[in-house]
Amino acid sequence: MAARAYWQGQIRLALVSIPVEIYPATKSGAAISFRQIHEPSGKPINYEKVVAGIGPVDRDEIVKGYEISKGNYVLLDDDEIEAAKVESKRTLELVQFVDSSEIDVFYFEKPYFVVPQDELAEEAYIVLRDALKAKKKVALGQLSVRGREQLVSLKPCGKGLVLETLRYEDEVRKAQTYFKDIPSAKPAKEMLALAGSLIDQKTAPFEAGEFHDRYVDALKKLVEKKAKSKGKKVLEDVEEPSTGGKSNVIDLMAALKQSVGGKEKAKPAAKTPAKTRKRA
């Protein structure tokens with residue numbers, strides 16, 4: 001079955017309009033979903049739409065409401081919400097171009113493939129793609145879809161274009177809030193060199209297929225064993241890294257040398273006086 005378009009409309013750059021379709025570039029991975037079961041009967045638990053003091057209600061009696069004060073709502077039906085006029089409803093206007101390095105990684109949310117809607121749109125589509133490549137720029141615009149206006153970026157990807165939804169500034173927490181208490185001291189050069197050697201040893205091209213969800217795999221095996229055990233409890237011990245009963249104080253130099261295969265006997269870690277951290 002062909003994927004369903006996430007959005008259909010036109011990309012507009014000044015007086016040029018390009019009819020396009022946008023498709024999700026990702027899909028949900030393998031997952032295990034559980035139902036809540038009534039143990040005595042073995043039957044699944046269902047949920048009903050219930051109004052306090054009235055009881056269960058039909059779906060066609062339900063509308064959306066926005067609370068304007070405690071217990072007071074403005075009621076809106078789907079037609080009224082759909083009729084709200086937003087200029088970008090069917091148009092993605094490219095309003096700015098930036099270097100991709102200017103956009104912090106925290107702002108990127110989800111990627112989508114952008115394809116020309118028909119043969120007539122292909123020429124303008126290719127011109128935009130190659131112009132972005134030549135200038136090494138990313139286009140920015142806003143897109144109205146599924147009840148909200150999203151900030152998006154548009155950039156070349158092989159023969160096509162990829163759109164990425166971006167978070168707004170008020171949706172991203174400030175890193176300094178979390179990092180402010182980390183000491184600013186520089187590490188010893190020997191430790192830094194050993195850490196660099198370890199990075200070099202483990203450096204390899206990224207292959208997405210080499211990684212998978214081990215927790216999902218474990219749950220699948222558990223479900224299979226549980227089915228074969230005919231209801232008996234199945235518990236397996238998972239080996240955790242052993243600390244050997246030693247203190248949590250780590251000889252970092254020794255650990256780094258052992259990691260990179262160094263044979264030189266590690267010296268005891270030097271104790272450094274504790275520093276009082278300033279708090280904002």
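The values are calculated or read from the model by the stated rules, or taken from the named source; none is laboratory data. From a predicted model like this one, the values you see are computed outputs, not experimental measurements. Backbone-built Cβ (ideal geometry, glycine too); neighbour counts: all protein chains shown.
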Report whether or not A204 is surrounded by 10 or more Cβ atoms within 10 Å (Cβ to Cβ) and small (G, A, S). no
Give the residue that is farthest from G209 (Cα to Cα), with candidates limited to residues of segment 26-63 that are assigned to a loop (DSSP other than H, G, I, E, B) and in contact with an Asp or Glu (Cβ under 9 Å, 6 or more places away or on another chain). V57
Please verify whether L143 is part of a helix (DSSP H, G or I), under 16 Å from E93 (Cβ atoms) and out of contact with any Cys (no Cβ under 6 Å at 6 or more places or on another chain), treating the condition exactly as stated. no
Report, by residue number, each residue of segment 103-119 that is surrounded by fewer than 11 Cβ atoms within 10 Å (Cβ to Cβ) and in contact with a strand residue (DSSP E or B) (Cβ under 8 Å, 6 or more places away or on another chain). D118
Residue check, K135 against (1) of a type in the set (D, E, K, R); (2) at pLDDT 90 or above; (3) under 27 Å from the mean Cα position of the chain (by Cα), all met but one. Which one? (3)
Filtered residue count, segment 1-32, keeping only those that are within 21 Å of L140 (Cα to Cα), among the small types (G, A, S) and exposed (fewer than 12 other Cβ atoms within 10 Å of the Cβ): 1
Among G158, G141, G147, which is the only one that is under 30 Å from E109 (Cα atoms), modelled with pLDDT of 90 or more and loosely packed, with under 10 Cβ neighbours inside 10 Å? G158
Subset of segment 126-138 [β-branched (V, I, T) and surrounded by fewer than 18 Cβ atoms within 10 Å (Cβ to Cβ)]: I126, V127
What is the number of the single condition among (1) modelled with pLDDT under 90; (2) surrounded by fewer than 18 Cβ atoms within 10 Å (Cβ to Cβ) that E122 does not meet? (1)
Residue check: is Y66 surrounded by fewer than 11 Cβ atoms within 10 Å (Cβ to Cβ) and either part of a loop (DSSP other than H, G, I, E, B) or assigned by TED's automatic domain parsing to the domain that holds V162 (or both)? no
What pairs can you find where one residue is in segment 27-51 and modelled with pLDDT of 85 or more, the other is part of a loop (DSSP other than H, G, I, E, B) and among the basic types (K, R), and their Cβ atoms are less than 9 Å apart, with a gap of 6+ or different chains? P44/R35; I45/R35
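Matching residues to (1) out of contact with any helix residue (DSSP H, G or I) (no Cβ under 9 Å at 6 or more places or on another chain); (2) at pLDDT below 65:
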{"residue": "Y215", "(1), (2)": "yes, no"}
{"residue": "A218", "(1), (2)": "yes, no"}
{"residue": "V223", "(1), (2)": "yes, no"}
{"residue": "K232", "(1), (2)": "no, no"}
{"residue": "E240", "(1), (2)": "yes, yes"}
{"residue": "V249", "(1), (2)": "yes, yes"}
{"residue": "L252", "(1), (2)": "no, no"}
{"residue": "K257", "(1), (2)": "no, no"}
